[in-house]
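**Q** I have a structure I would like to understand better, so I am pasting it below and will then ask my questions one at a time.
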Amino acid sequence: MVSSIVVQYTDLLRTSDLGLWCRLRELLTGQGLDPGRTVVVDLLQEGPDHEDGQVISEDGRVYRFSLFYDQASEHGARSACLHGWTDITDCWRTGSLATRTADAFAWMSRSAEAS
């Protein structure tokens with residue numbers, strides 16, 4: 001069963017008007033991904049200035065990144081930037097999010113079949 005985090009965060013990426021999600025859509029588009037077809041495996045606050053994330057593109061590539069921004073500022077997310085954008089397609093199975101990533105792939109397949 002897919003994690004509710006994957007479903008919730010993917011929905012937020014695709015539909016939310018909150019600054020963080022709007023900016024993440026812009027940044028993913030800049031990386032060549034379609035936010036409307038990208039699945040968010042995780043986005044976790046790792047410090048006072050950044051969140052670490054992992055996404056799956058529509059073509060099945062898995063990427064890890066850090067999203068840096070001023071979290072204390074009311075509009076800090078609007079100036080967020082990506083650091084450490086890394087294609088981990090060949091090694092995600094050994095990472096800490098391996099089970100959630102596998103579940104996200106299965107969810108993607110079921111969603112594509114239902115469309």
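**Q** Using a 1.4 Å probe on the protein heavy atoms, what percent of the accessible area of the chain belongs to carbon and sulfur?
**A** 48 percent
**Q** What area, in nm² and to one decimal, does the C-alpha convex hull of the chain cast on average over all directions?
**A** 7.0 nm²
**Q** Could you pull the Rg and Dmax for the range 5-52, using just the Cα atoms, both in Å?
**A** 10.5, 29
**Q** I've got another one for you. With +1 assigned to the C-beta of every Lys and Arg and -1 to the C-beta of every Asp and Glu, and no other charges, what is the dipole magnitude of the chain about the Cα centre in debye, to the nearest 20?
**A** 220 debye
**Q** Can you give the calculated 222 nm mean residue ellipticity of the chain, where each DSSP H run of n ≥ 4 adds -39,500 (n - 2.57) and the sum is split over every residue, rounded to the nearest 500 deg cm²/dmol?
**A** Result for the chain, helices only: -11500 deg cm²/dmol.
**Q** Are there GluC sites (Glu not before Pro) in the range 44-91 that DSSP marks as loop and that have at most 16 other Cβ atoms within 10 Å, and which are they?
**A** GLU46, GLU58, GLU74
**Q** Hey, another quick one. Which order do you get for VAL62, VAL7 if you rank them by accessible area with a 1.4 Å probe, largest at the top?
**A** VAL7, VAL62
**Q** Please identify the DSSP H helices in the chain that span no less than 20 Å along the helix axis (Cα) and have a mean Kyte-Doolittle hydropathy of -0.5 or more.
**A** 98-114
**Q** I've got another one for you. What do you get for Rg/Rh over the range 66-115 if you use C-alpha atoms and the Kirkwood form of Rh?
**A** We get a ratio of 1.16 for the range 66-115.
**Q** On to the next question. If you project the alpha carbons of the range 37-94 onto their three principal axes, what span does each projection cover, largest first, in Å?
**A** 36, 24, 15
**Q** If you don't mind, another one. Could you tell me the relative contact order of the range 1-86? Use alpha-carbon pairs under 8 Å, at least six residues apart, and round to a whole percent.
**A** Once normalised by length, the contact order is 24 percent.
**Q** Let me ask something else. Using the alpha-carbon centroid of each, what span in Å lies between the range 1-32 and the range 68-103?
**A** About 11 Å separates the Cα centre of the range 1-32 from the one of the range 68-103.
The values are calculated or read from the model by the stated rules, or taken from the named source; none is laboratory data. Everything quoted here is computed from the prediction, not taken from an experiment. All Cβ positions, glycine included, derive from the backbone under ideal geometry; neighbour counts span all protein chains shown. These area figures cover heavy atoms from the full protein model, side chains too; ligands, DNA and RNA do not enter into them. Shrake-Rupley method; radii C 1.70, N 1.55, O 1.52, S 1.80 Å.
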